[in-house]
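I have a structure here, written as C-alpha cells, and I will follow up with some questions on it.
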Amino acid sequence: MLKAMGMIRMISGTGDRKPSFTLVEMLVVLAIIGMLLAISLPFTSGFGKGLRIKTASRAIVGLLHVARSNAITFRRNYSVVFDAEKGQYWIEEAAGQIYEKKYFLPSSIQFKVQGNEDVDPITFENDRVTFNPSGAIEGKSGSVTFSDKQGESRIISVVGTTGRITID
C-alpha cells in the first residue's frame, strides 16, 4: 500500500520538489542576454579591421630581420626578393638559392600604392633588398608598399647605410 501511495505522490507532483527555473525566468534571462549582445555588437565590429594587413606587415618585417641577421651571422649576402605580380616574397642566399620557402600575401592584400596604380610599390633595385655582412643593404634605401581591399596600406622602409627596418 505504501508503494502505491509513493507512486501516486510522484505522479501527482505533490512530493518533494527540486529547486528549478520556470520557463518565464529563462525567457527573461535570454532576452537580457540578447539585448546586451545587440548593444555591444557595434563596439566589436571594428575589432578585426586591418588585422590581415598588420599581420602581413609583421611577417615581411620578420623576414627582413631574418635576412639581415643571417647576413651578419654567416658573413655573406642575403636578399629578400619581392614578386609584386604573384604577391610573393622570399629570402635568397648569395648563390641565388631560396633560403626556406616562398611566402604569399593574403588574397585580400596586394603589393600596390593605394590610389595610384602607376607607381611601383617596390622601390628597391630589381625588387630585392640585399643585406651585406655589415647589416647594411647594397644600393640605395628603399621601400615596399602594400594595400588591402579596405583601402589601408603599409610602407616598409629599409635604410641603406644601417639596414634599419621601419613600418609606416
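The values are calculated or read from the model by the stated rules, or taken from the named source; none is laboratory data. Keep in mind the model is a prediction, meaning the values are calculated, not measured. Ideal geometry is used to build each Cβ from the backbone, glycine not excepted, and the neighbour counts take in all protein chains shown.
Which residues, counting only those in region 91-120, are in contact (Cβ under 8 Å) with a residue 24 or more places away in the chain and in a strand (DSSP E or B)?
Answer for region 91-120, where residues must be in contact (Cβ under 8 Å) with a residue 24 or more places away in the chain and in a strand (DSSP E or B): Ile91, Glu92, Tyr103, Ile109, Gln110.
Another question, if that's okay. Going through region 39-69 one residue at a time, which ones are of a type in the set (Lys, Arg) and modelled with pLDDT of 85 or more?
Arg52, Lys54, Arg58, Arg68
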